[in-house]
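We did not get these values from a lab; they are worked out from the coordinates using the rules stated. Since the structure is predicted, the reported quantities are computational estimates derived from the model, not experimental observations. Because the Cβ atoms are built from the backbone with ideal geometry, glycine has one as well, and the counts that use them run over all protein chains shown.
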Amino acid sequence: MDASVVDESRPWLALPRDASVLGDAGLRWTSDDGAAAGRPSPVGGLWVSCYGGFHPTSEPVKDVTRLGLLCGPPNGMTQLGTESVTGSVAEGKPPFTYGFSARRGDCYRLFVVAGPGVSDLDVTVRSSRGTELARDHNEDRWPIVEPERPFCTYEDDEFAVELKAARGSGVVAAQVWVLPSGPAPERRDGGAGD
């Protein structure tokens with residue numbers, strides 16, 4: 001690292017002092033033969049490995065809580081609000097939508113789990129102007145937005161989260177986790193698409 005660049009993130013991240021800011025958290029990776037590779041993964045690190053062994057059950061609220069706890073605290077994040085947002089989605093129907101207040105400088109990650117009747121759940125996060133900020137990239141029923149890192153905002157805004165069933169129907173549970181630059185803002189729940 002260039003001596004003229006100061007990494008001010010370390011004091012507020014719950015990571016070892018020698019860990020990268022959004023990467024390996026001090027993890028050591030192995031090669032195919034099990035020998036230490038001595039270098040971190042080029043993408044994701046702890047942001048990805050935290051959900052490597054996750055498998056959803058038939059209880060979305062318990063599953064999203066478990067997923068949030070697996071990936072939030074190890075990456076220095078806290079849950080925005082105290083409860084999961086729940087709703088229902090169905091293929092061909094309007095999305096279930098809820099919102100939260102985002103604060104300048106904070107970074108966010110969404111965890112969503114659908115019941116077993118949903119085989120592909122799509123998630124999109126939009127600004128108050130309707131601009132797409134982040135979305136789920138996988139075809140599964142437990143998307144993480146973003147799967148390899150949090151997404152950050154450069155201004156205070158009201159974000160809308162759209163949950164839409166690409167295949168199937170059922171109950172969904174969602175949580176927003178924040179890597180704050182200060183005290184976390186309040187989440188506001190909505191019900192479009194109920």
**Study point:** Percent RCO, i.e. relative contact order, over the range 101-144, from Cα pairs under 8 Å lying at least 6 residues apart
**Key:** 43 percent
Practice item. Convert each backbone phi in the range 166-175 into a coupling constant with the Karplus relation 6.51 cos²θ - 1.76 cosθ + 1.60 (shift: θ = phi - 60°), then list the ³J(HN,Hα) values in order as whole Hz, x for Gly and Pro. Key: 7, 9, x, 8, x, 7, 10, 10, 9, 9
Point to revise | Hz values of 3J(HN,Hα) by residue in the range 121-131 - Karplus curve (6.51, -1.76, 1.60), Gly and Pro given as x | key: 10, 9, 10, 10, 10, 10, 6, 5, 8, x, 6
**Study point:** Among 139-146, 123-130, the order from most to least packed when residues are scored by Cβ within 10 Å on average
**Key:** 139-146, 123-130
Point to revise | Under-5 Å amide H pairs with SER88, H placed in peptide plane, nonlocal only | key: VAL172
Check your understanding: How high is the relative contact order of the range 58-192, in percent, with contacts defined as C-alpha pairs under 8 Å that are six or more residues apart?
Key -> 42 percent
**Study point:** Karplus 3J(HN,Hα) series, Hz, for the range 66-75 with 6.51 cos²θ - 1.76 cosθ + 1.60 (x for Gly, Pro)
**Key:** 4, 4, x, 6, 5, 10, x, x, x, 9
Study note, to complete from the structure: For the range 58-192, the Kirkwood Rh over every pair of distinct alpha carbons, in Å, works out to 14.5 Å
